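S.K.: I have a structure here, written as C-alpha cells, and I will follow up with some questions on it.
The values are calculated or read from the model by the stated rules, or taken from the named source; none is laboratory data. Because the structure is predicted, anything quoted here is derived from the model rather than measured. Using ideal geometry, Cβ is built from the backbone for each residue, glycine included, and neighbour counts are taken over all protein chains shown. For the accessible areas, the whole protein counts, side chains as well, though only heavy atoms, and no ligand, DNA or RNA atoms are used. Shrake-Rupley method; radii C 1.70, N 1.55, O 1.52, S 1.80 Å.
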Amino acid sequence: MSDKEVILTKSGLKKLEEELEYLKTVKRREVAERIKIAIGYGDLSENSEYEDAKNEQAFIEGRIITLEKMLRNARVINDDDVNTDVVSIGSTVKLRDLEFDEIVEYTIVGSAESDPTHNMISNESPVGKALLGKRKGTIVDVNVPAGVIQYEILDIKK
C-alpha cells in the first residue's frame, strides 16, 4: 500500500482505531498463546496447529502494519465539512433508479471504509465517482459493466 491519502469519516476513523487496538491487545496475545501451546506438541515440521498459528500471526501483523499506515495517512471528513448542496465524501444521497423506479440511499465514503452491504460506497466506485459534485435534481449516468444506470438525485444530507 502506498502512502496515498486515506479519506475517512469520523466513524470510519474510530472503527479502524478500534480494530487496530483489538489486534494489538487481544489477537496478538491469543495467537502467541496458540503458538506456545503448539510448540508444546513437539516436532514443529509436522505440527499443523503451529503452522496455522504462525500463518494467523503473519496475517495479524500484516493487518496491523496496513492499519497503522492508513491511520498515518488519514484525512478525516468532519460533518461540518459536508455540504448538502452537492454530493461529496460524507454525503448520504437518496437516489431513484430510473429504469426500475426504485429508491436507494448511499453514503459516499473513502475506499478504506466502503461497505456496500450497508450502502456505504466508495468515492472511487463507478456510482461514487458519478455522483460526486452533482446537485439535487440532477440525472446521473453511471457506467457499469452491465451498461449504463441512470439515477435521479432526490436528496443530499449529512
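S.K.: If you restrict to DSSP beta bridges whose two residues both lie in segment 1-129, what percentage is antiparallel, to the nearest 5? Walk me through the numbers on the way to the answer.
M.R.: Values: 7 of 14 bridges.
Percentage antiparallel, nearest 5: 50.
S.K.: Considering the options 50, 11, 39, tell which one lies farthest towards the positive end of the dipole of segment 2-76, charges being +1 on Lys and Arg and -1 on Asp and Glu at the Cβ, about the Cα centre.
M.R.: After comparing all options, I get 11.
S.K.: Quick check for you: with a 1.4 Å probe and neighbouring chains kept, what is the accessible area per residue of the chain, in Å²?
M.R.: On the way: 9720 Å² over 158 residues.
Counting only protein heavy atoms, the per-residue value for the chain is 62 Å².
S.K.: Hey, another quick one. Can you give the relative contact order of segment 1-107 as a percent, counting alpha carbon pairs under 8 Å and 6+ residues apart? Write out the running numbers ahead of the final one.
M.R.: Working: 92 pairs, mean separation 34.5, N = 107.
Computed value for segment 1-107: 32 percent relative contact order.
S.K.: Tell me, what % of the accessible area of segment 1-80 is carbon and sulfur with a 1.4 angstrom probe? Let's see the in-between values first.
M.R.: Values: 2770 of 5480 Å².
The value for segment 1-80 is 51 percent carbon and sulfur by accessible area.
S.K.: Additional query: Send over the per residue convex hull volume for the chain, Cα only, as a whole number of Å³. It would help to have the intermediate numbers written out before the result.
M.R.: Details: hull volume 23.1 nm³, N = 158.
So the per-residue Cα hull volume is 146 Å³.
S.K.: Only Cα pairs within less than 10 Å get springs; with that Gaussian network setup on the chain, which residue of 17, 113, 49 has the largest fluctuation?
M.R.: 49
S.K.: Ok, one more. Within segment 91-113, list the residues whose amide N lies under 18 Å from a label point set 7 Å along Cα→Cβ of residue 157.
M.R.: Counting only backbone N, you get 91-97, 103-109.
S.K.: Something else about it: Quick check: the angle from helix 10-22's long axis to the longest principal axis of the chain, C-alpha only, nearest 10 degrees?
M.R.: Helix 10-22 sits at roughly 10 degrees to that axis.
S.K.: Then there is this: Residue by residue through segment 83-98, what is 3J(HN,Hα) from phi via Karplus (6.51 cos²θ - 1.76 cosθ + 1.60, θ = phi - 60°)? Round to whole Hz and write x for glycine and proline.
M.R.: 8, 8, 7, 9, 6, 9, 5, x, 6, 9, 10, 9, 10, 10, 6, 6
S.K.: To the nearest Å, what is the center-to-center distance of segment 42-116 and segment 125-143, using C-alpha atoms only?
M.R.: Computed from Cα coordinates, the inter-centre distance equals 21 Å.
S.K.: Can you compute 3J(HN,Hα) from phi for each residue in segment 110-123, using the Karplus curve 6.51 cos²θ - 1.76 cosθ + 1.60 with θ = phi - 60°, rounded to whole Hz and x for Gly and Pro?
M.R.: Going residue by residue, I get x, 4, 5, 10, 5, 8, x, 5, 10, 6, 10, 10, 6, 5 Hz, with x marking Gly and Pro.
S.K.: Hey, in the GNM for the chain with a 10 angstrom Cα cutoff, which one of 27, 136, 36 fluctuates hardest?
M.R.: 36
S.K.: Could you check which residue among 77, 103, 89 shows the biggest mean-square fluctuation in a GNM of the chain with a 10 Å Cα cutoff?
M.R.: Result for the chain, Cα springs under 10 Å: 103 fluctuates most.
S.K.: What pairs from 14/136; 24/69; 14/94 go past 22 Å between their alpha carbons?
M.R.: Values: 14/136 30 Å; 24/69 15 Å; 14/94 25 Å.
Where the Cα-Cα span goes over 22 Å, the pairs concerned are 14/136; 14/94.
S.K.: Taking Cα atoms, how many degrees apart are the long axis of helix 28-39 and the longest axis of the chain, rounded to 10 and kept between 0 and 90?
M.R.: 30 degrees
S.K.: Helix 48-72 versus the longest principal axis of the chain: what is the Cα-based angle in degrees, 0 to 90, to the nearest 10?
M.R.: 40 degrees
S.K.: Toward the positive end of the charge dipole of the chain, about the Cα centre and with charges on Cβ (Lys, Arg +1; Asp, Glu -1), which of 143, 90, 106 goes farthest?
M.R.: So the residue furthest toward the plus end is 90.
S.K.: Taking amide H atoms as placed 1.01 Å from N in the peptide plane, list the residues 5 or more away in sequence, or in a different chain, whose amide H sits under 5 Å from that of residue 84.
M.R.: Correct list: empty.
S.K.: Rounded to the nearest whole Å³, what is the per residue volume of the convex hull around the Cα atoms of segment 78-123? Before the final figure, lay out each step's value.
M.R.: Values: hull volume 3.8 nm³, N = 46.
About 82 Å³ per residue, rounded to a whole number.
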